[in-house]
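The values are calculated or read from the model by the stated rules, or taken from the named source; none is laboratory data. Note that the structure is a prediction, hence the values are computed from the model and not measured. Reconstructed Cβ throughout: ideal geometry from the backbone, glycine too, with neighbour counts over all protein chains shown. What goes into the accessible areas is simple: the full protein's heavy atoms, side chains included, and nothing from ligands, DNA or RNA. Shrake-Rupley method; radii C 1.70, N 1.55, O 1.52, S 1.80 Å.
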Amino acid sequence: MDSSPFDRTNQAGNLANSAGDSASNSAAANTVESVSGNASNTISENLSGKVSESVASSTRDSLPQTQYPIPPKHGLSLLLKSGRKNSKKNNPENNKECNKESSQGDSPSVLSDNSPSLVIPQDEQALAAMAKRPSTIAETGLSEQLLLQLLIKHMLVEHVVSVRLLVEKMALSGGIIQNLLDHAKTINWLENRQSSKSGQMRYALSELGATEAEKAFNQGGYLGIAPVPLSQYSDICLKQTSRNTIIVKELLQQRFSNLMFSAELMATIGPALNSTKPILIYGAPGVGKSYLCRHLNLLFGDDVLIPAAIEVNNIIIQLYDPQLHILSTKGVKQHNDAATLVSLTQGYDPRWHLCQRPLLVTGGELTADMLEVNFDATNHTYKAPLQLKANNGILLLDDLGRQKISPIALFNRWIIPLEERRDFLSLPNGLHFEIPFELILLFSTNLAPQDLVDEAFLRRLGYKIKFEALSVELYKKLWFKTCADYQLTCENDIFNYLVEQRHYVDQKDFLPCLPRDLLSIVCDQIKFNQLAPVVTQALICFAWQHYFVHSSDNSTPDKPNHHNESNKLRSE
């Protein structure tokens, strides 16, 4: 039992089960044929409200992978208990009420909103050519052993499965799934179960198969859709790089028309984005550095394919992060064709998610470990580093100089990626591999750049862009725009009072953050005192007094001092 079933043939088991195998293979072939060949009948059944039990269960379990916590000893038993509950719900004989509710629900062929199969881009043919759907195990680029291990892990959790359910769980075609099931049966990993009411063959793990599934969980806890090989990921990542988009002046003005930045700054940002080198943005706090960086994705306006996971030497690294990667909303279309769900012969490879270009922002929490492949010893899963998740997008390192890792150590880590557009990662087993470094890298800091690193490192950054305070004209435009956003009314005289009696007297720059922050305090006062939504001089004084920190101990809220030289607050 210690030897792997991949390396032995159970002659006695094959002879004993030969008759059952031939019958089940025939039934399985009929199942695939009935699903793919009679799609129109299935659709008509869905429209008339006759929903099959197995597809209804697949609606509840959509394609995006769920990371299951699997501690070395006790986590697997909890996961199996959860699977038994789901299995009972999916069994019409054991739960007739659940089956009745399923028949009254929506069409079972509709996947969840997070499913990559739901997203159909306007230029689907181009995506289908770039990420072609595999029709055989060889075309997946993965080993049959890895796919079998992933399959039996799904079966261990679900207990009883059909071809359709495994198609949804692994995002592979029905033909590939059936081939894997046939192979698993020849090595005595599977048992046939009673067919569903819709005529679909159902399968469960044998005792030997359950043992192998537990071994597979101990080796790797990933449980989701099938990964893509590293070579395929690298090819597609290079094809959809943002460097192919040329930023021109008209595009910049159009996309940033609602952002209040000077024309001189915009004239510098545009050429910097066309450069292949990273960008350092510096300036005083509140001048809009982070705000601008968070809107740079507006310039591209396109979507990219991001895989759920990648495979490196039979090790699966989880890449797709639902908290970071936002699924595309362009051309969203739901597939009601049951044959499409099983055969997967149309569109692009569903192992990929169509997402907006990622924007990853990290600040003082950044550590050196976050830049390497992370292994979760509890769940036995591998997670991608930050730069891998941000590929084909933007990576912003905010508050440079305040991380636990020093700026010099950070730059040393990325010298080769910055120059050669490729990065080298390693796994805990010592394996080293190369990934593309196709992203826009931005550094933002409130500190003086020369205090962070020496001139040699600054030369590698290419563009160093200083952000400064707004002019009074832009500040006024931003003030009244923010008033409109807060549904407040403000007269020109009140704004003039703000500028002349507050900014000039207290020597405060026209920072882009001030309209939002001051008017937020004004709104709080209006709500508390049940006032009309009108900005008054008294409200401006209250907001100003409680926004800035007093520097004198002699000042009181009722009567602040009047020393202009010391930047004190004034009272009326």
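General observations
- Counting only residues that are under 22 Å from K477 (Cβ atoms), in a loop (DSSP other than H, G, I, E, B) and either open to solvent by less than 20 Å² (accessible area, probe 1.4 Å) or aliphatic (A, V, I, L, M) (or both), region 507-543 holds 2 of them.
- Close pairs from region 520-544: first touching a residue at least 24 places away in the same chain (Cβ under 8 Å), partner outside any helix (DSSP H, G or I) and among the basic types (K, R), Cβ under 7 Å, at least 6 apart: none
- Screening F437 on (1) surrounded by 12 or more Cβ atoms within 10 Å (Cβ to Cβ); (2) more than 26 Å from N244 (Cα to Cα); (3) among the hydrophobic types (A, V, I, L, M, F, W, C) shows it passes everything except condition (2).
- Sub-8 Å Cβ pairs linking a first residue in region 217-230 that is within 13 Å of Y320 (Cα to Cα) to a second residue that is in a strand (DSSP E or B) and open to solvent by 10 Å² or more (accessible area, probe 1.4 Å), at least 6 apart or interchain, are Y222/I316; Y222/Q318; Y222/Y382; G224/Q318; P227/E311; P227/I316; V228/E311, ordered by first then second residue.
- Boolean, D369 is without any contact (Cβ under 8 Å) to a residue 60 or more places away in the chain, acidic (D, E) and part of a helix (DSSP H, G or I): yes
- When region 345-375 is filtered for residues that are more than 30 Å from L452 (Cα to Cα) and over 19 Å from the mean Cα position of the chain (by Cα), the ones remaining, listed by number, are T345, Q346, G347.
- Breaking point among (1) crowded, with 18+ Cβ neighbours inside 10 Å; (2) free of Cβ contacts under 8 Å to residues at least 24 places away in the same chain, for Y504: (1)
- Only one of G401, G430 that is in contact (Cβ under 8 Å) with a residue 24 or more places away in the chain, small (G, A, S) and either in a loop (DSSP other than H, G, I, E, B) or under 18 Å from Y463 (Cα atoms) (or both): G401
- Single residue of region 267-294 satisfying the filter (surrounded by fewer than 20 Cβ atoms within 10 Å (Cβ to Cβ) and of a type in the set (K, R)) that is farthest from F548 (Cα to Cα): K277
- Considered as a group, the residues in region 174-221 that are assigned to a helix (DSSP H, G or I) and basic (K, R) include one that is most open to solvent (accessible area, probe 1.4 Å), and that residue is K215.
- Scanning region 451-480 for residues that are surrounded by 14 or more Cβ atoms within 10 Å (Cβ to Cβ) and among the charged types (D, E, K, R) yields R460, K464, K466, E468, K476, K477.
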